[in-house]
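Just below is one structure, and these are the notes that go with it.
The values are calculated or read from the model by the stated rules, or taken from the named source; none is laboratory data. Remember, predicted model here, so these are calculated numbers, not experimental data. Quick reminder, even Gly has a Cβ in these numbers, built from the backbone with ideal geometry, and neighbours come from all protein chains shown. Note: areas computed on protein heavy atoms with side chains; ligands, DNA, RNA excluded. Shrake-Rupley method; radii C 1.70, N 1.55, O 1.52, S 1.80 Å.
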Amino acid sequence: MLSFLNRYATPLITGLFLVSLISGVALFFHFGSSYFHSMHEWLSMVLIVPFVLHIWKNWRPMLCYFKRPAFAVSMVASLIAALVFVYPVATGGGEGAGPGGRPAAFALVQKVMGASVGEMAAVLDVPEATLTAKLEAAGYTVASGDVSLTSLAAASGKSEMEIAAVLVAAK
């Protein structure tokens with residue numbers, strides 16, 4: 001077992017961290033979200049195993065880190081950074097907050113993406129047939145004008161951001 005730890009803990013952390021890094025950056029910039037979302041979530045969970053193995057393997061040197069002020073400062077800074085994101089949602093407040101404490105613009109976009117193709121055609125003041133044709137030309141399969149944009153994007157293996165780009169260009 002010790003041989004396994006010595007051989008694989010750090011390389012697995014490095015490889016999985018790189019996957020998490022690249023997929024996280026892609027998600028942040030909304031690039032290929034349909035490809036990276038599940039990968040990022042699942043492989044970040046898998047990263048826990050080699051992380052625990054790495055801590056176990058390096059327990060004695062880690063004890064030295066625990067005793068240094070830099071470790072405590074880093075942990076407190078990390079906690080504060082996390083709370084910056086959690087607090088507004090947890091309190092349901094904040095300027096421009098919508099339902100659930102999310103920014104109102106995000107809540108609006110989620111509502112818009114829940115609209116059907118037919119409803120969105122009316123909002124865009126474009127005939128439904130024209131919007132359907134533009135969506136199909138962009139690689140979406142529109143079986144009915146009653147399907148929501150979110151469902152249409154998911155069924156086509158694309159992100160909501162990708163279908164939004166088609167909608168913006170539809171006029």
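Once semi-axes √(5λ) of the Cα gyration tensor in Å is calculated for the structure shown, the corresponding label among (1) 26, 17, 16; (2) 44, 22, 10; (3) 32, 20, 15 turns out to be (2).
Accessible area of ASP146 (1.4 Å probe, protein heavy atoms only, ligands and nucleic acids ignored): about 130 Å². For the chain, the relative contact order works out to 16 percent when only alpha carbon pairs closer than 8 Å and six or more residues apart are counted.
Putting +1 on Lys and Arg Cβ atoms and -1 on Asp and Glu Cβ atoms, find which of ALA154, ALA81, ALA165 reaches farthest to the positive end of the dipole of the chain. Checking the options against the dipole of the chain, the answer is ALA81. Each stretch of four or more DSSP H residues adds -39500 (n - 2.57); spread over every residue of the chain, this sum gives -23500 deg cm²/dmol at 222 nm.
Per residue, the chain exposes 68 Å² of solvent-accessible protein surface, assessed with a 1.4 angstrom probe and all protein chains in place. In this simple spin-label model, placing a label point 7 Å from the Cα along the Cα-to-Cβ direction at both PHE66 and ALA169 gives a separation of 5.6 nm. The residue among PRO50, VAL117, THR91 whose Cα reaches farthest toward the positive pole of the charge dipole of the chain, with charges on the beta-carbon of Lys, Arg, Asp and Glu, is PRO50. For the chain, a crude dipole built from +1 on the beta carbon of Lys and Arg and -1 on the beta carbon of Asp and Glu, taken about the Cα centre, is about 1140 debye to the nearest 20.
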